[in-house]
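*Asks:* Below you will find the structure I want to go over with you.
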Amino acid sequence: MRKNLLSKVNNWFVFSLLTIIVIGLAVSSNFLINHLREKESERIKSLATAMKYLQDNDDFDSRLNELSLYVINENENIPIIVTDKQRNLIQSKNISEKILKNPEKLKRKINEMEDKYPPFEIQLPNFNNQFVFYDNSDLLNYLRYYPYGLGLFIGAYLLFSFWFLRTMKKSDESMLWAGLAKETAHQIGTPLSSMIGWIEIMKLDKNRNEDGLVEINKDINRLKTISERFSKIGSVPELNDLNLKETVQLNFDYLKSRISKKVVFDLKISKAEILIPHNRILMSWVIENLVKNAVDAMKGEGNLSINLYQKNKNILIDVKDSGSGMTNAQIRNAFKPGYSTKKRGWGLGLSLAKRVIQEYHNGDIKIAESEVGKGTTFRIVLKS
């Protein structure tokens, strides 16, 4: 539990750190663009000043004239339109010829420039003032969308990272449970072999208890089945069995003789044949796990039923108990690996059952309904 908490804290720390980085990049990019915009505005002021000196014949200075020409010619990026008071074109730079030759387009362009930035006014003698309209350079216009593109890219990266880490986590968990299951099968196999040998020795005894030997043989066969179940986890099982009614019936007969007599155990099966490819060993394991959970929830006393039926295009198996029921939090976490409400539970049963149904039988397993103090219904859904 503590490891899970630390893992969640670490994940949130990484996510928060990446989020801060993304916000920082967006803010810094926006700051850079605003800085470039201010610089261009200053360049426009320099251009306007240079143009003013060029047109001011009262204070002519060849060096100043040369400097002004240099400032004007140095501008290769900023679109500029110079007009008189009546907005008649005087000169322009970095403006398309199509716009300059079309009065309507030129007027629209001037209005667009004015909407973005107020024009600079060049004070000239005789009140023949001129106005310099300007716009962002193409580079600055492209950079305006940079923060959005950057945010989109980083957002996609974060989503991919989240998906990748989640996939890796699931893969690691699957490998862990598969390894644990196979090791369990191996551990069961050793004493099981010894038990089989002792049974054969007991059969040689003339005073043997035949009923006892029969029951022990049943339990040994059951242990073999359990061992096979665990050994199949992690590998793709063959879905050779078809008669699901028979699988459920056999499971019911076995479990009924081994659960508490205080449990009223009932089986409801539709009369029609229910044929669907499945693995009997693994399907029996899932049903047995649900039944045992139900018995635990009822503390060995109550009503328990298994209902096998078809609905629309699905085959459903309901395991219903009259136990303690589940809270919303318990319902959300019921199938998570390691989660258990039992003091000695490992929290593996339902997570493995979910894997068997979803990954091996292409179905689903869920809690159909549950009410605290009244009971729970687990439902297996298989596509017919």
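*Asks:* Stretched out fully, how many nm does the piece from GLN358 to LYS203 gain, at 0.36 nm a residue minus the Cα gap?
*Replies:* Residue separation times 0.36 nm, minus the Cα-Cα distance, leaves 51.5 nm.
*Asks:* I would also like to ask the following. Please work out the Kirkwood hydrodynamic radius for the range 265-333, using every pair of different C-alpha atoms, and report it in angstroms with one decimal place.
*Replies:* Taking every pair of different Cα atoms in the range 265-333, averaging 1/r and inverting gives 13.6 Å.
*Asks:* Just read off the accessible area of GLU301 with the full protein assembly in place, 1.4 Å probe, to the nearest 10 Å².
*Replies:* The accessible area of GLU301 comes to roughly 110 Å².
*Asks:* Calculate the translational D of the range 247-384 in whole µm² s⁻¹ from Stokes-Einstein, where the hydrodynamic radius comes from the Kirkwood formula applied to all Cα pairs, the temperature is 20 °C and the viscosity 1.002 mPa s.
*Replies:* It comes out at roughly 141 µm²/s.
*Asks:* Continuing with this model, one more query. Taking 0.36 nm per residue of sequence separation and subtracting the Cα-Cα distance, how much length would be gained by fully extending the chain between LYS268 and GLU371, in nm to one decimal?
*Replies:* 34.9 nm
*Asks:* Search the structure for amide H atoms under 5 Å from the amide H of ILE90, placed 1.01 Å from N in the peptide plane, and list their residues when 5 or more places away or on another chain.
*Replies:* Sorted by chain and number, the residues that satisfy this are VAL82, THR83, ASP84.
The values are calculated or read from the model by the stated rules, or taken from the named source; none is laboratory data. All values reported here derive from a predicted model rather than from experimental measurement. To get the accessible areas, we keep the full protein, side chains included, count just its heavy atoms, and leave off ligands, DNA and RNA. Shrake-Rupley method; radii C 1.70, N 1.55, O 1.52, S 1.80 Å.
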